[in-house]
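K.L.:
Questions regarding the structure given below will be posed in turn.
The values are calculated or read from the model by the stated rules, or taken from the named source; none is laboratory data. Model, not experiment: these values are computed from the prediction. Cβ sites come from the backbone with ideal geometry, for glycine too, and all protein chains shown count toward neighbours. Side chains included, ligands, DNA and RNA excluded: accessible areas come from the protein's heavy atoms. Shrake-Rupley method; radii C 1.70, N 1.55, O 1.52, S 1.80 Å.
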Amino acid sequence: MVMNDMIQLTIAVFLHVISYILFTINVSFCCFLLMIAVFTTLNTPLNLAGMALERYIAICRPLHHAQICTVRRTYALIGLIWVMGAIPILPDLFILLATEPLQFFHSSIFCSRDSVFRHPYLVEKKNISHMVYLTFVWLTLVYTYFRIMFAAKAAHSDAKKARNTILLHGVQLLMCMFTYIGPLLDSLLMYIFPMFLLEMRFTSYLIVHILPRFISPIVYGVRDQAFCKYLKRYLLCTMHKAGGGGYGTKGCSRHSTPPPGLDCAFPKSSGQDNLK
């Protein structure tokens, strides 16, 4: 999931910068970048579904977890997720090659999916594929969440942590849906603020591409006890040094511990999150 989001964000940032510097680029190069961006974007909700299934197996089928969630099967699931993410976009390329003249691929265009894959059939296909994928992922998250919630009634700590993890996945999936309302959000912002075209494009870019992928590193980083301890220590040292509180070098040493009462707010992440 981390590698997928890194690729997606790299391509998204590159396209956004290019749109400011050059505005238009070659169609063939734009098509290559768009396919990678769409492919990795569709992978994100599928990764969330796979992580939810792993938590479900760990909590509701603990005796079979070691046999089911092996390293080999984990790699196979990752490969399946990437194949499923590529299925919706590959037919678009073949249809584009069959319907557009050769001169179109040598021209320059503003690089967006609607500008390149502009055939009406491709627009309908995109909407249907998004609906199918989101429905599948939502059903998976809802099913695993309620099964884990029933298991959590026994007050088992791992079950409660897994339930919270599934809930966070649901929040992240809800934010991933911003991708599908991106064109509508662009039109709405530009209609409300027509004098701030560049600012509205940047705001839409942050909401649609950056914000949904901002949650996972923060949540899983803070839930890690070692990272949380050093983060707390760094923040305390920064605040004390800025305020002249005398929390000197010794207090901020590598082996020092944060003051009492500053334990991490999130529970420790379990070591069975093989798919993260």
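K.L.:
Give region 79-96 a look and list any residue that's in a helix (DSSP H, G or I), aliphatic (A, V, I, L, M) and crowded, with 18+ Cβ neighbours inside 10 Å, or say none. If you could, list the steps in order and put the result at the bottom.
P.N.:
Here is the first cut: in region 79-96, the ones in a helix (DSSP H, G or I) are 79-86, 90-96.
Now restrict to residues that are aliphatic (A, V, I, L, M): 80-81, 83-84, 86, 90, 93, 95-96.
Across region 79-96, the qualifying residues are Ile81, Leu96.
K.L.:
A further question follows. For region 12-25, indicate whether the set of residues that are open to solvent by 30 Å² or more (accessible area, probe 1.4 Å), part of a loop (DSSP other than H, G, I, E, B), of a type in the set (Ser, Thr, Tyr) and touching a Phe, Trp or Tyr at 6+ places or on another chain (Cβ under 8 Å) is non-empty.
P.N.:
The answer is yes, given that some residue of region 12-25 is open to solvent by 30 Å² or more (accessible area, probe 1.4 Å), part of a loop (DSSP other than H, G, I, E, B), of a type in the set (Ser, Thr, Tyr) and touching a Phe, Trp or Tyr at 6+ places or on another chain (Cβ under 8 Å).
K.L.:
Which of the residues that make up region 179-192 are closer than 19 Å to Asn127 by Cβ, at pLDDT 70 or above and open to solvent by 60 Å² or more (accessible area, probe 1.4 Å)?
P.N.:
Ser187, Leu188, listed by residue number.
K.L.:
Checking the structure you have, find out if any residue of region 141-150 is surrounded by fewer than 16 Cβ atoms within 10 Å (Cβ to Cβ) and either polar (S, T, N, Q) or part of a loop (DSSP other than H, G, I, E, B) (or both).
P.N.:
no
K.L.:
Does region 83-126 hold any residues that are at pLDDT 85 or above, under 30 Å from the mean Cα position of the chain (by Cα) and among the β-branched types (Val, Ile, Thr), and which are they?
P.N.:
Residues satisfying the conditions are Val83, Ile87, Ile89, Ile95, Ile109, Val116.
K.L.:
Determine if region 58-67 includes at least one residue that is at pLDDT 85 or above, open to solvent by less than 30 Å² (accessible area, probe 1.4 Å) and assigned to a helix (DSSP H, G or I).
P.N.:
no
K.L.:
Still on this structure, please answer the following. Checking the conditions here, which among Val116, Val123 is among the hydrophobic types (A, V, I, L, M, F, W, C) and surrounded by fewer than 16 Cβ atoms within 10 Å (Cβ to Cβ)? Steps first, answer last, please.
P.N.:
Values: Val116 fails: surrounded by fewer than 16 Cβ atoms within 10 Å (Cβ to Cβ).
Step by step, each of Val116, Val123 is checked, and only Val123 is among the hydrophobic types (A, V, I, L, M, F, W, C) and surrounded by fewer than 16 Cβ atoms within 10 Å (Cβ to Cβ).
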